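The values are calculated or read from the model by the stated rules, or taken from the named source; none is laboratory data. Quick caveat, the model's predicted, so the values are computed rather than measured. Positions of Cβ are backbone-derived with ideal geometry, glycine not excepted, and every protein chain shown enters the neighbour counts.
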Amino acid sequence: MLWVIVMDKLQIISIKLPEALLEEIDAIARELNIPRSEVVRKAIIKYIEDYHKKKIIGSDPRIKIVRVEV
């Protein structure tokens with residue numbers, strides 16, 4: 001199964017983060033030369049993908065999850 005997230009209109013949200021987490025996000029953003037919001041967006045997408053994989057697959061040891069970049 002492949003999840004595709006289409007971002008047609010971006011919405012602004014506000015979140016509170018511990019300073020250490022924000023510093024880590026900023027370091028990743030600098031290293032990848034992308035905006036802080038893109039790091040957070042990618043992390044949220046990854047979290048949602050993992051959530052759905054666990055929900056669908058469960059703990060079946062016969063199934064191996066492989067991430068495919070498109």
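Quick look at the values:
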{"read-out": "Close pairs (9 angstrom Cβ cut-off, 6 or more residues apart or separate chains): farther than 19 Å from Pro18 by Cβ in region 37-51, part of a helix (DSSP H, G or I) anywhere", "value": "Glu38/Ala29; Glu38/Leu32"}
{"read-out": "Scope region 17-31; condition charged (D, E, K, R) and under 16 Å from the mean Cα position of the chain (by Cα); matching residues", "value": "Glu24, Asp26"}
{"read-out": "Enumeration of residues in region 15-58 that are modelled with pLDDT under 90 and either in a loop (DSSP other than H, G, I, E, B) or touching a Ser or Thr at 6+ places or on another chain (Cβ under 6 Å) (or both)", "value": "Gly58"}
{"read-out": "Boolean, Ile12 is at pLDDT 95 or above and not in a helix (DSSP H, G or I)", "value": "no"}
